[in-house]
Amino acid sequence: MTTTSARPAAIEEIDLDQRRGRWIGHWAPEDPGFWRTVGSRVARRNLIWSIFAEHIGFSVWLLWSIVVVRLGDAGWQLTTSQALWLTAVPSGVGALLRLPYTFAVPIFGGRNWTVISALLLIVPCAGLAWAVEHPEIGFLPLVLIAATAGFGGGNFASSMANISFFYPEREKGWALGLNAAGGNIGVAVVQFLVPQVIVLGGGLALARAGLMYIPLAVIAAVCAYLFMDNLAEAKADVGPVWSSLRHRDTWIMSLLYIGTFGSFIGYSAAFPTLLTSVFGRPDVALAWAFLGAGVGSICRPFGGRLADRVGGARITVASFMLMAVGALAALWSVEQRSMGLFFVAFLLLFVATGVGNGSTYRMISRIFQVKGEDLGGSPEVMLAMRRQAAGALGVISSVGAFGGFLVPICYAWAKSSYGGIEPALRFYVGFFLLLIVVTWAAYLRAGTRMARAGV
């Protein structure tokens, strides 16, 4: 083909591929010239619309966390344990869906799957709008309908796996942190907006909580269709995902991610219910619970940035230390019946989980880069490791997200068995201390390859 301009060949190739259905055949983010001339611009555009779609997904995923606070006013009579189960089940389903959503990126393409996954959000939104106005259906059908909100939780895995291919290694911590934070903050947005939207004009209209997100899901799908791209590099077979399962580090990082993201999403789901059931303050839950998820989301990209500079393992250990302190403070506040201290302790927990979310995700790509270097560092090996890292991101995000199911269930168990949440908080303190030891032993212990590489 003859060109009439002096534009780099990489730009010409991208333009041609985009005319053939927005598939980009050549992508070399580690090449400084490519990144400067065209790569950063295309990556930024895909990141922006990925954040928007993931933001809507997270909002839908956590819709029930705030709706459940007002179900009693809509004719539902739920116990505290039932309310916590209603917030836990969408988290568990979202965690399960993250595995197939990870496979969807190499099968369908990142842009194509973003369109599909955004449209799937219509199902839980419509289901919620109908179910909350029919208390006669009973608790089990309500839980099954709430489970479909897990579609929103699956979006995270496919979005992060897709964006990981667009950015060079030196910028992945910040890019993945922004992508995740944009999604995570959807939790705070939904917990802030829903209490206001459902009472607009007087009275209570819980159905609006679901209806308001249907047009937003459609807009997210349309924007992804118009402005995002598929990478041929990411459209591989699903073998790299399976290959990532053979690495011990995939499972260690899954455990660490339970402690960071699992805590974030679990506390986000349970926080409004805990403020209501432990301290009898639904007004505080409806007005201020969104702050927890908000500060956690804002802190996530800074955790990634700090990890880029000083190493993800160091930042992860520091975040687990803060989580242990926060859980201890929350335990003391419950024993002293101090709601103010309880609220501040949970804000500290959210800050720590946000920082830890960013640092653990940064560790994953760095770990697989080190593995590639140890195998010779050829372009073919490094590409294979980038694909395995993308697969590991999805697997780890899936396993870690189960924390969002376990945290509310642990609170429900403690409340029903012991009449209070103190046993659950004691367990969390011990768990965070254990994760500090695991992180140190695997990635910071002197003399290990990962410690020398600054993981």
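For region 335-346, taking the residues that are part of a helix (DSSP H, G or I) and out of contact with any helix residue (DSSP H, G or I) (no Cβ under 6 Å at 6 or more places or on another chain), the one that is farthest from residue 419 (Cα to Cα) is identified as 344. Close Cβ contacts (under 6 Å, 6 or more residues apart or on different chains) running from residues in region 177-200 that are over 18 Å from residue 288 (Cα atoms) to residues that are assigned to a helix (DSSP H, G or I) and of a type in the set (D, E, K, R) comprise 177/300; 180/300; 181/300; 183/54. Scanning region 126-159 for residues that are part of a helix (DSSP H, G or I), over 25 Å from residue 109 (Cβ atoms) and in contact (Cβ under 8 Å) with a residue 24 or more places away in the chain returns 126, 127, 128, 129, 130, 135, 139, 142, 143, 146, 147. State yes or no: is residue 80 over 19 Å from residue 390 (Cβ atoms), hydroxyl-bearing (Ser, Thr, Tyr) and open to solvent by 40 Å² or more (accessible area, probe 1.4 Å)? Answer is yes for this residue.
Results for (1) at pLDDT below 90; (2) among the β-branched types (Val, Ile, Thr); (3) open to solvent by 10 Å² or more (accessible area, probe 1.4 Å), shown as yes or no for each residue.
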site: 266; (1), (2), (3): no, no, no
site: 281; (1), (2), (3): no, no, yes
site: 300; (1), (2), (3): yes, no, no
site: 310; (1), (2), (3): yes, yes, yes
site: 337; (1), (2), (3): no, no, yes
site: 345; (1), (2), (3): no, no, no
site: 355; (1), (2), (3): no, yes, yes
site: 370; (1), (2), (3): no, yes, no
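Checking region 394-410 against the condition returns no match, with no residue being farther than 22 Å from residue 187 by Cα, open to solvent by 10 Å² or more (accessible area, probe 1.4 Å) and modelled with pLDDT under 90. None of 442, 414, 453 is farther than 17 Å from residue 180 by Cα, free of Cβ contacts under 8 Å to residues at least 12 places away in the same chain, over 19 Å from the mean Cα position of the chain (by Cα) and open to solvent by less than 30 Å² (accessible area, probe 1.4 Å) except 414.
Among the residues that make up region 134-144, is at least one of them open to solvent by 40 Å² or more (accessible area, probe 1.4 Å), touching an Asp or Glu at 6+ places or on another chain (Cβ under 9 Å) and either at pLDDT 90 or above or among the β-branched types (Val, Ile, Thr) (or both)? So that I can check it myself, show each step before the final result.
The first filter runs over region 134-144 and keeps only residues open to solvent by 40 Å² or more (accessible area, probe 1.4 Å), leaving 134-137, 139-141, 144.
Applying the additional criterion that residues be touching an Asp or Glu at 6+ places or on another chain (Cβ under 9 Å) yields none.
No: region 134-144 contains no residue that is open to solvent by 40 Å² or more (accessible area, probe 1.4 Å), touching an Asp or Glu at 6+ places or on another chain (Cβ under 9 Å) and either at pLDDT 90 or above or among the β-branched types (Val, Ile, Thr) (or both).
Go through the residues of region 315-328 one by one and say whether even a single one is surrounded by fewer than 21 Cβ atoms within 10 Å (Cβ to Cβ), free of Cβ contacts under 8 Å to residues at least 12 places away in the same chain and not small (Gly, Ala, Ser). No, every residue in region 315-328 fails to be surrounded by fewer than 21 Cβ atoms within 10 Å (Cβ to Cβ), free of Cβ contacts under 8 Å to residues at least 12 places away in the same chain and not small (Gly, Ala, Ser).
The number of residues in region 417-455 that are in a loop (DSSP other than H, G, I, E, B) and among the hydrophobic types (A, V, I, L, M, F, W, C) comes to 4. Residues in region 216-260 that are open to solvent by 10 Å² or more (accessible area, probe 1.4 Å) and among the aromatic types (Phe, Trp, Tyr): 225, 227, 242, 251. Entry remark, region 203-224: residues being under 21 Å from the mean Cα position of the chain (by Cα) and not hydrophobic (A, V, I, L, M, F, W, C) number 2 in total. Just to be sure, is residue 118 in contact with a helix residue (DSSP H, G or I) (Cβ under 9 Å, 6 or more places away or on another chain), modelled with pLDDT of 90 or more and of a type in the set (A, V, I, L, M)? For residue 118, the condition - in contact with a helix residue (DSSP H, G or I) (Cβ under 9 Å, 6 or more places away or on another chain), modelled with pLDDT of 90 or more and of a type in the set (A, V, I, L, M) - is met. Scanning region 182-202 for residues that are open to solvent by less than 10 Å² (accessible area, probe 1.4 Å) and under 11 Å from the mean Cα position of the chain (by Cα) yields a count of 4. In summary, helices (runs of 4 or more DSSP H) completely within region 182-283 and bearing 1 or more residues that are over 26 Å from residue 22 (Cα atoms) and among the hydroxyl-bearing types (Ser, Thr, Tyr) occur at 239-244, 248-257, 263-279. If the condition is being buried (at least 24 other Cβ atoms within 10 Å of the Cβ) and part of a loop (DSSP other than H, G, I, E, B), then region 160-181 contributes only 167.
Residue by residue, here is whether (1) assigned to a helix (DSSP H, G or I); (2) among the basic types (Lys, Arg); (3) within 21 Å of residue 149 (Cα to Cα); (4) in contact with a Gly (Cβ under 8 Å, 6 or more places away or on another chain) holds:
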{"site": "35", "(1), (2), (3), (4)": "yes, no, no, no"}
{"site": "53", "(1), (2), (3), (4)": "yes, no, yes, no"}
{"site": "76", "(1), (2), (3), (4)": "no, no, yes, no"}
{"site": "84", "(1), (2), (3), (4)": "yes, no, yes, no"}
{"site": "98", "(1), (2), (3), (4)": "yes, yes, yes, yes"}
{"site": "101", "(1), (2), (3), (4)": "yes, no, yes, yes"}
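The values are calculated or read from the model by the stated rules, or taken from the named source; none is laboratory data. Values in this document were obtained by computation on a predicted structure and should not be read as measured data. As a convention, Cβ positions derive from the backbone with ideal geometry for all residues, glycine included, and neighbour counts pool all protein chains shown. Quick note on the areas: whole protein, heavy atoms, side chains included, nothing else; ligands and nucleic acids left out. Shrake-Rupley method; radii C 1.70, N 1.55, O 1.52, S 1.80 Å.
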